[in-house]
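Enquirer: After the structure tokens below, expect a handful of questions from me.
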Amino acid sequence: MPDDAPDPAFDALLADPRMALRRPPPHVSLTDLRRAANAFQARAPKSEVASVADHVVPGPGGPIPVRVYRPALDRTAAILFCHGGGFILGNLDTHDAMCRTLANASGRTVVAVDYRLAPEHPFPAALDDAQATLEWLRGKARLLDLYSDRIAVAGDSAGGHIALGLALRCRDEGVPLDHIGLIYPLLDPASDSASAMQFAQGYMLTASFLEWAWDAYRGDGGADPSFNLTRADLQRLPATTIVTAQFDPLHDEGEALARRLGDAEVDVALRRYPGMIHGFAGLPQLTPVANEAIAFVAARMAASQISAPQIVGPLISAP
């Protein structure tokens, strides 16, 4: 595989202009765009888990659907998972396969939250829904047969922004978490890093989509420190694991976060996946590296405990 091109597994995907994520033209409705994008993501093959159950959580803007994936029938730790989709796309079904894989690989019960989407519900609606779900999870831990003091947060892409924002709220409010898992997180509203410029077109996630996503989610909250996480104080966060992809506009954002976490003396591990594009972890039907990346995050989560952070990072490695 050449170092200057994505893995050939993505050749057909990248050659099809219909698959590129970009700001939709005026004649394409948001409903139609969501239907098409979500249907594609929901095609990933699904592994079996011990049980799957849907619940409804009371939220600040109305009921929040959640889905609980148990890897085993005995008591486990938990992961609150926030799906990606640029704050605009995605639902419980688009990340069903990823949540199953994460549950089995980590040995933790995954609780996926179907937060409100932008632009109908801009910042901080998604973050508020994630926090409400975490509060429900902590309150129902005994009934769900979960350890209330062993809860992690995780997310991919925009879900990574929500997960990190939630972890910062938890730190400030004294709510314990034992891990943060971020898969190619979307963090910087400026979208002006070197990788954002280099991979702005031709690698599925485009600059026009990123601009649209941030505009849709921003609402009136652009000045809030929980919106632009590149400026956040990262002290006293729990152990964090970050996955980045070589040919991803968000590549530099994730790796800059890892460096900042290391500077803040947080236990952080970063793994960069050569040849991969944004979204690869949700495409196990195209590449086995998808599940390898989930396994990397899961292994670190499986080992986490509520404890003082071990300063190790950032550890940057490629498989």
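Enquirer: I want the local charge near Asp96. Using Cβ-Cβ distances under 10 Å, sum +1 for each Lys or Arg and -1 for each Asp or Glu among the other residues.
Expert: +2
Enquirer: Here's a follow-up. Would you please give the residues with an amide H less than 5 Å from that of Val268, counting only those at least 5 places away or on a separate chain, with H modeled from the backbone geometry?
Expert: Amide H to amide H, under 5 Å and 5 or more residues apart or across chains, Val268 pairs with Thr240, Val312, Gly313, Leu315.
Enquirer: Multiply the residue gap between Ser208 and Ala20 by 0.36 nm, knock off their C-alpha separation, and tell me the result in nm, one decimal place.
Expert: 66.6 nm
Enquirer: Restricting to Cα pairs below 8 Å that are 6+ residues apart, what does the relative contact order work out to for the chain? Please round to a whole percent.
Expert: 19 percent
Enquirer: What 222 nm value per residue comes from the helices of the chain, counting each DSSP H run with n ≥ 4 as -39,500 (n - 2.57) and dividing by all residues, nearest 500 deg cm²/dmol?
Expert: Rounded to the nearest 500, it is -10000 deg cm²/dmol.
Enquirer: Next up: Taking GluC sites (Glu not before Pro) as candidate sites, keep only those in a DSSP loop with at most 13 other Cβ atoms within 10 Å, then name the longest stretch of the chain containing none of them.
Expert: That would be 121-319.
Enquirer: Leaving out ligands, DNA and RNA, what percent of the accessible area of the chain is carbon and sulfur, probe 1.4 Å?
Expert: Result for the chain: 52 percent of the exposed heavy-atom area is carbon or sulfur.
Enquirer: Shifting gears a bit: Over the chain, with the other protein chains present, what is the accessible area per residue in square angstrom, probe 1.4 angstrom?
Expert: That works out to 41 Å² for each residue.
Enquirer: Using Cα pairs closer than 8 Å and at least 6 residues apart in sequence, work out the relative contact order for the stretch 34-83, in percent.
Expert: 30 percent
Enquirer: For the chain, just say rounded, prolate or oblate: build the C-alpha gyration tensor, square-root its eigenvalues into a ≥ b ≥ c, call rounded for a/c under 1.5, and beyond that prolate if a/b exceeds b/c, oblate if not.
Expert: rounded
Enquirer: Here is a further query. With +1 on each Lys and Arg Cβ and -1 on each Asp and Glu Cβ, how big is the dipole of the chain about its Cα centre, in debye rounded to the nearest 20?
Expert: It works out to roughly 720 debye.
Enquirer: Right, something else. Which whole-number percent is the relative contact order of the stretch 1-72 (Cα, under 8 Å, 6+ apart)?
Expert: For the stretch 1-72, the relative contact order is 19 percent.
Enquirer: When only DSSP loop residues count, what chymotrypsin sites (Phe, Trp or Tyr not before Pro) in the stretch 1-105 have their Cβ near at most 10 other Cβ atoms within 10 Å?
Expert: none
Enquirer: Would you mind classifying the stretch 1-120 by shape? Square roots of the alpha carbon gyration tensor eigenvalues, ordered a ≥ b ≥ c; an a/c under 1.5 is rounded, otherwise it is prolate if a/b is larger than b/c and oblate if not.
Expert: Since a/c reaches 1.5 but b/c is at least a/b, the shape of the stretch 1-120 is classed as oblate.
Enquirer: Right, another one. For Leu143 and Ala302, what is the calculated FRET efficiency with R₀ set at 25 Å and r taken between the beta-carbons, to the nearest 0.05?
Expert: So the FRET efficiency works out to roughly 0.60.
Enquirer: Additional query: Can you list the DSSP H helices in the chain whose Cα atoms extend at least 18 Å along the helix axis and whose mean Kyte-Doolittle hydropathy is 0.5 or higher?
Expert: 289-303
Enquirer: Further, regarding this structure: Say R0 is 45 Å: what FRET efficiency, to the nearest 0.05, do Ser47 and Arg231 get from their beta-carbon distance?
Expert: Here the calculated transfer efficiency is 0.70.
Enquirer: With a cap of 12 neighbouring Cβ atoms within 10 Å, and only residues DSSP puts in a loop, list the trypsin sites (Lys or Arg not before Pro) found in the stretch 92-188.
Expert: Arg142
The values are calculated or read from the model by the stated rules, or taken from the named source; none is laboratory data. Keep in mind the model is a prediction, meaning the values are calculated, not measured. Methodologically, a virtual Cβ is constructed for each residue, glycine included, from the backbone with ideal geometry; neighbour enumeration extends over all protein chains shown. These accessible areas exclude ligands, DNA and RNA; they are computed on the full protein's heavy atoms, side chains included. Shrake-Rupley method; radii C 1.70, N 1.55, O 1.52, S 1.80 Å.
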